[in-house]
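The values are calculated or read from the model by the stated rules, or taken from the named source; none is laboratory data. Just so you know, these numbers come straight off a predicted model, no measurement behind them. We place every Cβ from the backbone using ideal geometry, glycine too, and count neighbours over all the protein chains shown. All accessible areas refer to the heavy atoms of the entire protein, side chains included, with ligands and DNA or RNA removed. Shrake-Rupley method; radii C 1.70, N 1.55, O 1.52, S 1.80 Å.
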Amino acid sequence: MNMHTVEKIGGTSMSRHEDVLDNIFVGSRKEDEIYNRIFVVSAYGGITDKLLEHKKNRKPGVYSLFSDGENEWAWGDALSRVSHIMCEKNKEIFGETEEQRLADRFVIERIEGVRSCLIDLHRLCSFGHFQLQEHLMTVREMLSALGEAHSAHNTSLLLQKHGVNARFVDLTGWREKDTTPLDEKILAHLKGIDLSTELPIIPGYVQCAEGLMNTYDRGYTEITFSRIAVLSQASEAIIHKEYHLSSADPKIVGLDQVKPIGQTNYDVADQLSNLGMEAIHPRAAKGLRQSGIPLRVKNTFEPHHDGTVICTDYVSDEPCVEIVAGRQGIYGIELFDQDMVGVGGYEETIMKTLKRFKVKMVGKDINANTITTYVSGNLKEVRRVVSALEGDYPQAEISVHRVAMVSAIGSDMKVSGVLLKAVSALADQGISIRAMSQSIRQVDINFILDETDYEAAVTSLHNVLITDIGKTRTEANAA
């Protein structure tokens, strides 16, 4: 294990470049404290949404407009808008300086290179021998690379301007002829870098033989971050986000009511990722966990706070709920078939159908004749799943429910009464529980609720399971 760290900066944090410069890169650090770090950076906030599609509301970006193909020039206009936004960001960061001119030249070269490529691809696919669908994943990766390369290149220029020996390490494959496996490419580009005197700035996207987006879609930045940490044998992996990994969403419960978790394990991180909180992608966590590398999640805007450390073997001193989290806008696909009793194959068919339409499952419950699968995705995708299942099981009754999921999560919740307290807390607020589950391992309790009850449920469970219990324990320890 080496003495350096590998650190990732999220898109929202990257957008506040002065804070990032002061709180993460330089600030009050002495020269020797600046180095022995490798940084993986995301695109500036909102850029990837405009290049692909909005992550939440699915508003089409350049990729969606190009793949749709209804308006031949709509994607070109969208790409021009992205170019303008990137250059405006350059101006915001550098002002009218030589660095701005270098940054603008970088953006224009890449944007126009991609534009030419897409025009050629569109022309090629006008012939029947070439199908656009076969090339769309490559297009998606190429567009993603634009945003990541832009922020990484800017960051290296900004640091150089402030006297830091920063190096832009471009793994996006721009104009490279050969495609190599992910690990091989990372090692090749890190070779020869002296971490004691150089500060590598790496885009979150890597163009490689495996095709990161084909497997991880927009979770690719964390995969890059994880593999660099593992391959370079980092002492610690650090994620800088715009908020702490807290006991609940401060926007719902209130900033004065939540607290940073402080320490937890990768099991809890997996549960949070499943809910879309993205503490870290499960596949990224796997490499860190297997290599024994602890992960620290820090608040970009509170640089002196230690944040939350996630490691393999942590278990809370006393059984407790560490975090209340959830997810809105999920769909429950309920398949009821009385012929299901004693017959196998239903769950396997459902899972294959979800995989076929690339719909992510976040949970399920099952009894003798009913399987309800909770998924994230848009209604159009869900309807495709339902249509396919109706073809497989014409005798079944299949219905769709738009719901929310709220979970109480902890590294050790093996204490009697937690479930009772949780149910009572929801009942006291008049919240109806539509479904619920708790695994034998007792690391989470999941409640399915009406969407309208989501925020009230999060607040109520946090108050009862974390705030009130915490106060009681503090008073007991004081006595």
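Quick notes on this structure:
- Taken over region 235-282, the criterion of being within 28 Å of F25 (Cα to Cα), charged (D, E, K, R) and modelled with pLDDT under 90 is satisfied by E242, E278.
- Cβ separations smaller than 6 Å between residues 6+ apart or across chains give the following pairs from region 366-395 residues that are open to solvent by 60 Å² or more (accessible area, probe 1.4 Å) to residues that are among the aliphatic types (A, V, I, L, M) and modelled with pLDDT under 95: A368/V341.
- Any chance K191 is out of contact with any Phe, Trp or Tyr (no Cβ under 8 Å at 6 or more places or on another chain), among the charged types (D, E, K, R), open to solvent by less than 30 Å² (accessible area, probe 1.4 Å) and on the phi < 0 side of the Ramachandran plot: no
- Selection within region 369-427 - modelled with pLDDT under 95, hydroxyl-bearing (S, T, Y) and touching a Phe, Trp or Tyr at 6+ places or on another chain (Cβ under 7 Å): S411
- Residue check, I202 within 22 Å of the chain's Cα centre (by Cα) and modelled with pLDDT of 95 or more: yes
- Candidate set from region 139-164 (those that are among the aliphatic types (A, V, I, L, M) and closer than 15 Å to G61 by Cβ); member that is surrounded by the fewest Cβ atoms within 10 Å (Cβ to Cβ): V139
- Answer residue from region 326-365, given it is farther than 23 Å from M405 by Cβ and touching a Ser or Thr at 6+ places or on another chain (Cβ under 9 Å) and is surrounded by the most Cβ atoms within 10 Å (Cβ to Cβ) among those: M340
- Yes/no for E96 being free of Cβ contacts under 8 Å to residues at least 60 places away in the same chain, of a type in the set (D, E), open to solvent by less than 80 Å² (accessible area, probe 1.4 Å) and closer than 30 Å to K161 by Cα: no
- Failed criterion for I330 (all others in (1) on the phi > 0 side of the Ramachandran plot; (2) in a strand (DSSP E or B) hold): (1)
- For D77, the conditions (1) at pLDDT below 90; (2) loosely packed, with under 14 Cβ neighbours inside 10 Å; (3) out of contact with any His (no Cβ under 9 Å at 6 or more places or on another chain) all hold with the exception of (1).
- Test: residue in region 399-419 that is basic (K, R), open to solvent by 20 Å² or more (accessible area, probe 1.4 Å) and under 28 Å from T308 (Cα atoms): yes
- Of all residues making up region 313-325, the number that are part of a loop (DSSP other than H, G, I, E, B) and either surrounded by 15 or more Cβ atoms within 10 Å (Cβ to Cβ) or of a type in the set (D, E, K, R) (or both): 8
- Pairing each residue of region 2-17 that is touching a residue at least 12 places away in the same chain (Cβ under 8 Å) and in a helix (DSSP H, G or I) with any residue that is open to solvent by less than 20 Å² (accessible area, probe 1.4 Å) and among the aromatic types (F, W, Y), provided the two are 6+ apart or on different chains, yields C-beta distances under 8 Å for G11/Y44; M14/Y44; S15/Y44.
- Any hit, region 368-387, residues being touching a Ser or Thr at 6+ places or on another chain (Cβ under 7 Å) and assigned to a helix (DSSP H, G or I): yes
- Criterion (touching a residue at least 24 places away in the same chain (Cβ under 8 Å) and more than 30 Å from D317 (Cβ to Cβ)) met by exactly one of I239, I261, I252, I193: I193
- Taken over region 28-68, the criterion of being assigned to a loop (DSSP other than H, G, I, E, B) and open to solvent by 40 Å² or more (accessible area, probe 1.4 Å) is satisfied by S28, R29, K30, N36, G45, H54, K55, K56, N57, R58, K59.
- Some residue of region 293-307 being farther than 19 Å from Y243 by Cβ and either among the hydrophobic types (A, V, I, L, M, F, W, C) or part of a helix (DSSP H, G or I) (or both): yes
- Residues in region 275-312 that are open to solvent by 30 Å² or more (accessible area, probe 1.4 Å) and over 22 Å from M3 (Cβ atoms): G276, M277, E278, H281, P282, R283, K286, F301, E302, H305.
- Look at (1) part of a helix (DSSP H, G or I); (2) at pLDDT 95 or above; (3) among the polar types (S, T, N, Q) and you find that N446 fails only one, number (1).
- For region 330-368, taking the residues that are in contact with an Asp or Glu (Cβ under 7 Å, 6 or more places away or on another chain) and modelled with pLDDT under 95, the one that is farthest from T459 (Cα to Cα) is identified as F357.
- Where a residue in region 147-160 is farther than 13 Å from S15 by Cα and without any contact (Cβ under 8 Å) to a residue 60 or more places away in the chain and its partner, wherever it lies, is open to solvent by 10 Å² or more (accessible area, probe 1.4 Å) and in a helix (DSSP H, G or I), with Cβ under 7 Å and at least six apart: A149/R110; H153/F106
- The set of residues in region 201-222 that are surrounded by fewer than 22 Cβ atoms within 10 Å (Cβ to Cβ) and touching a His at 6+ places or on another chain (Cβ under 9 Å) comprises Y216, G219.
- Residues that are among the aliphatic types (A, V, I, L, M) and either open to solvent by 60 Å² or more (accessible area, probe 1.4 Å) or closer than 20 Å to I323 by Cβ (or both), drawn from region 426-451: L426, A427, I431, I433, M436, I440, V443, I445, I448, L449
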